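Below is one structure, written out as structure tokens; comments come after it.
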Amino acid sequence: MLKVPLSVDERWNLIEKISKQTVEFGARKHTLKDAIAELTVKPLTGIPVAIAVLYGFWSFFIDFAGTLFTDGFMVRLFDEHWLPWLQSVFPGGLGNPFYALLVDAGHMENGVLVASDNCLESFGVLTSGFFVPFGVVLWAVLAFYLMFALLEDVGYLPRLAVLVDTVLHKIGLHGYAIVPTFLALGCNVPGVTATRPLETRKQRFMMITLLSVFVPCGAQIGIMQDLVPELMGWIFLTLVIGYLGFGFILNKIVAGKSPEIIMDVPPYRMPMLKNIVSKLWIRTSRFLLVAVPFVLLGCLIVGLMYLTGAMDWLATVLGPFLMSWFGVPGETVAPLIAGFLRKDLAVGMLGGLMEQGIMTTFQVFTSVVLLCIYFPCLATFALMLKEENWKEFLGSIASLIAMVLVYGGLIHLVGIMLGVA
Amino acid sequence: MGHPNVGKSVFFNRLTGAKVLESNYPGTTVDFTKGWMRFGGEDVELIDVPGAFSLEPKDRAEEVAVKILEENRDSVVICVLDASKVERGLYLALEIIERGYPVVVALNMWDVAEDKNIRIDAEKLERILGVPVVPTIAISGEGFKELVSKIKEAAPVKIEKIIENAGGVESAAVSG
Amino acid sequence: MNELEEKFGQIYFAVLGAVGLAFGAAELIASAGEGFTWGILDSSGAADPTFLPWRAIILLSAGFFYLSSVKDFAEIHQLAKAVLGSIMIWIVAGMAIWSRIASSIPGEETWFNSLEGFLASYAPPYCPEMFLLPFSLVIVYYILKEKEAER
Ligand SMILES: Nc1nc2c(ncn2[C@@H]2O[C@H](COP(=O)(O)OP(=O)(O)O)[C@@H](O)[C@H]2O)c(=O)[nH]1
Ligand SMILES: [Mg+2]
């Protein structure tokens, strides 16, 4: 006689019995949709399609966020109207600490303090602090999530996962890793949460560490694209190499297994406008809620550090190390500090430094990459604490520091060898 | 409860008017969300959980799902099945029934099953399982009224009863 | 689809595939150098030169997809290749059009573009994918036919 609970086999036997009596499988013909689905996962046909899809993703992103909103309207709004207006009506004026904090810190030119003429140089809470999230990042995030929702709902993502499966297996990850990675390109926070379906702690640890180090978020990408569009190709290449390379190393040194995951590949579906809009709204509003306070806070902290002289002190102390190891000037300390809170703000500050003309192209490149990899933003950091146990968390931090030092140094070295550093 | 990517979140959103992310790939929902739905003149709580293949959790997302189930001993479970893959879904449903939960089974993606030429005798399934079984199409809302009206009928069923209805089953030792 | 439709499809997509290959090759050559503009055909990648090689790869693949679909065109697995070829062209051409829309709305000195400026953004020269776009739409007819047959 059977005992309760049933064993696994008994349960399946029962199910077979039941389904024999109730389910009828009719003749099934391959449809055009199935044929297309097949083609998109076979490498020979799937890779060109993937290139086309990613091309579409990226060009939409650039034209929507960059050409139309940021360059088309926002830069004008902020630099030609908002900033001059604040500069004219705000009490205090250049040199006043309160004014510097909120509106415009100004910068030295031939020994004289001059006013900024754009919202990246000014470093004020009301200027840079608003321009970064609303002038640049919001549009980038919108564009990203719009495309992302489309890909999700059509059902393309799992197919991309199947395609990259072979490559990712070499570094001990499963093709599914593409899903958290892609999500993290919007914002690292949901990216880290999406590692939950990974089965072993090792996979999760690797994934979380790689994500938080090598995957820049949409906010950051948006502002990088705005500042250094011509370097984007190189930046992504560097990050991908780092991701794969350190993945390979981590896979070798972290104990544990990376078992197969059975992932269902769902059928292609027609996306529904309603669902896309609602997802866009959920994700964008979530983003604003997290991002805006941190950007403003970051502006304030950095501003205060400048005013109190703490920043200059740090720049002098850390400058020689930054210069000798990474080949970037001490001034990058300010963005690096801001980067603890928000990466987009940090890159924006770097932009301010760039416009003052104190960095070479290679230094700009190195510092942008450094900003991506040196530390996850505060929100991601907090989430890592929650998702990992203590040992793993410390492990993540340790590998993070190691990766930054090694990789940052390596980039500098390559630069020296190529004669560009 | 149900497997990943069977439409649980669409159900949840429709029933509660809440908004959780729905996407066409497994692993979108990795945490639970609570919401309220009107049911027979009162508000009842509904929880959207991550997908799970079985009640023996293999990963963090499944852990969350099982934990929620265990924390809510006296709730009705809406088991969402992918009608085009009933057998797999039934496994989880049976597990939940065995643990003594009152269950309503939703045969979701009825449209997909039809496209694939799979026909399911929902009434017979209902008779065998002894719990309400309702075909649904979550994205268009078909079958939802019936589903909600049948939540009241959900009652715990003994697995022996199901085995009897199915015409007995050999124990694993015999069948290997 | 009936025999006539199949025959037509074969010839049509063979030609379109060949044209796609030719355009793709031209883009590839263009991307190695500065790019070029021939009359109303633009292969200069003016907006972003890093895009040009990728576009060339996509266009070449689309051409190959069309050509390889020709044999036994009515068979769905073959037809599917032609469908994918068209989809790839739609993506690239669609983005080229979108790019023009995005840059046509804001003005140089004013918030919004003047009407002339707006219209001028849509004037030729066009990139090869935009030329192929209308011709690639023929596939829609075959998709609908196939859908009908599936019922
Ligand atoms: N055709 C069809 N698609 C559905 C149905 N129910 C859900 N979907 C789609 O299936 C996908 C997965 O839904 P989701 O609720 O996120 O699944 P969950 O993982 O179970 O929460 C989404 O793309 C839905 O639009 C249905 O009844 N028919
Ligand atoms: Mg869900």
Measure of size requested: the Rg and Dmax of the range A:297-421, with Cα atoms as the atom set and Å as the unit; please supply both. 15.1, 44
Which order do C:3, C:146 take when ranked by solvent-accessible area (1.4 Å probe, heavy atoms of all protein chains), largest first? C:3, C:146
Mind listing the long-range amide H neighbours of residue B:2? Cut-off is under 5 Å, sequence gap 5 or more, other chains count too, H placed in the peptide plane at 1.01 Å from N. B:52, B:80
Just subtract the alpha-carbon distance of residue A:241 and residue A:89 from 0.36 nm times their residue separation and send over the number in nm, one decimal. 49.8 nm
Residue with peak Gaussian network fluctuation, chain C [Cα springs, cutoff 10 Å], from C:103, C:136, C:68: C:103
One point scatterer per Cα, no solvent, Debye formula: log10 I(q)/I(0) for the range B:8-163 at q = 0.09, 0.14, 0.16 Å⁻¹ comes out as -0.26, -0.67, -0.91
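Need one number: % antiparallel among DSSP beta bridges in the protein assembly as shown, to the nearest 5.
Looking only at bridges with both residues in the protein assembly as shown, the antiparallel portion is about 65 percent.
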With each pseudo-label sitting 7 Å past Cα toward Cβ, what's the residue C:135-residue B:88 distance in nm, one decimal? 4.3 nm
Taking R0 as 56 Å, what's the FRET efficiency between residue A:80 and residue B:45 from their Cβ-Cβ distance, rounded to 0.05? 0.60
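Kindly state, as a whole number, the per residue volume in cubic angstrom of the convex hull around the alpha carbon atoms of the range A:342-388.
Cα convex hull per residue, to the nearest whole number: 56 Å³.
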Give the percent of DSSP beta bridges with both residues in the range B:44-176 that are antiparallel, rounded to the nearest 5. 10 percent
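Could you tell me which of rounded, prolate or oblate describes the range A:107-211, using a ≥ b ≥ c as the square roots of the eigenvalues of the alpha-carbon gyration tensor, with rounded for a/c under 1.5 and, failing that, prolate when a/b is larger than b/c and oblate otherwise?
On the way: a/c = 3.46, a/b = 2.29, b/c = 1.51.
In terms of gyration-tensor shape, prolate.
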Using just the Cα positions, wrap the range A:1-77 in a convex hull and report its mean projected area in square nanometres, one decimal place. 12.2 nm²
Say each of residue A:314 and residue A:200 gets a label point 7 Å from the Cα, pointing the same way as Cα to Cβ; how far apart are those two points in nm? 4.0 nm
Placing one equal point scatterer on each C-alpha of chain C and summing with Debye, one gets log10 I(q)/I(0) at q = 0.10, 0.19 Å⁻¹ equal to -0.42, -1.06
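Could you tell me which of rounded, prolate or oblate describes the range A:192-300, using a ≥ b ≥ c as the square roots of the eigenvalues of the alpha-carbon gyration tensor, with rounded for a/c under 1.5 and, failing that, prolate when a/b is larger than b/c and oblate otherwise? Intermediate results must be reported in sequence, preceding the final value.
Details: a/c = 1.71, a/b = 1.18, b/c = 1.44.
Because a/c hits 1.5 or more and a/b fails to exceed b/c, the range A:192-300 counts as oblate.
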1/(1 + (r/R0)^6) with r = Cβ-Cβ of residue B:127 and residue A:277, R0 = 51 Å, i.e. FRET efficiency to nearest 0.05, evaluates to 0.75
Please sort by residue number the GluC sites (Glu not before Pro) in the range B:72-176 whose DSSP state is loop and whose Cβ has at most 15 other Cβ atoms within 10 Å. B:170
Using modelled backbone amide H atoms (1.01 Å from N, in-plane), which distant-in-sequence or interchain residues come within less than 5 Å of residue B:36's amide H? B:46
From DSSP H assignment alone, runs of 4+ in the protein assembly as shown each adding -39500 (n - 2.57), the sum over residues rounded to the nearest 500 puts [θ] at 222 nm at -19000 deg cm²/dmol
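Can you give the FRET efficiency to the nearest 0.05 for residue A:321 and residue A:96, using r as the Cβ-Cβ distance and R₀ = 22 Å?
Once the sixth-power term is evaluated, E becomes 0.05.
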For the range A:271-354, state which chymotrypsin sites (Phe, Trp or Tyr not before Pro) are in a DSSP loop and have at most 12 other beta carbons lying within 10 Å of their beta carbon. none
For the table B:85/C:145; B:124/B:161; B:116/C:145, the rows whose alpha-carbon distance is greater than 23 Å are B:85/C:145
For the pair residue C:15 and residue B:164, the simple spin-label estimate (label points 7 Å beyond Cα toward Cβ) gives in nm 7.5 nm
Lysine pairs within the range A:34-418, Cα separation less than 28 Å, 8 or more sequence positions apart or different chains: 19
Under 5 Å between amide hydrogens, which residues at least 5 positions from residue C:107 or on another chain qualify, with H placed 1.01 Å from N in the peptide plane? C:112, C:113
Want the number for residue A:307 to residue A:413: 0.36 nm per residue separation, take away the alpha-carbon distance, what's left? 34.7 nm
If N is the residue count of the range A:249-323, its Cα Rg over 2.2 N^0.38 Å rounds to 2.07
Candidates C:21, C:79, C:115; GNM for chain C (alpha-carbon contacts under 10 Å) flags as most fluctuating C:115
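Rounded to a whole number of µm²/s, how large is the Stokes-Einstein D of the range A:34-418 at 25 °C and 0.890 mPa s, given Rh as the Kirkwood radius over C-alpha pairs?
113 µm²/s
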Springs between alpha-carbon pairs under 10 angstrom, Gaussian network model over chain A: which of A:347, A:290, A:89 fluctuates most? A:89
Per residue Cα convex hull volume in Å³ - calculated over the protein assembly as shown: 199 Å³
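The values are calculated or read from the model by the stated rules, or taken from the named source; none is laboratory data. Computed from a prediction, not measured in an experiment: that's the story for all the values here. Here the Cβ is made from the backbone with ideal geometry for all residues, glycine too, and neighbour counts use every protein chain on show. Side chains included, ligands, DNA and RNA excluded: accessible areas come from the protein's heavy atoms. Shrake-Rupley method; radii C 1.70, N 1.55, O 1.52, S 1.80 Å.
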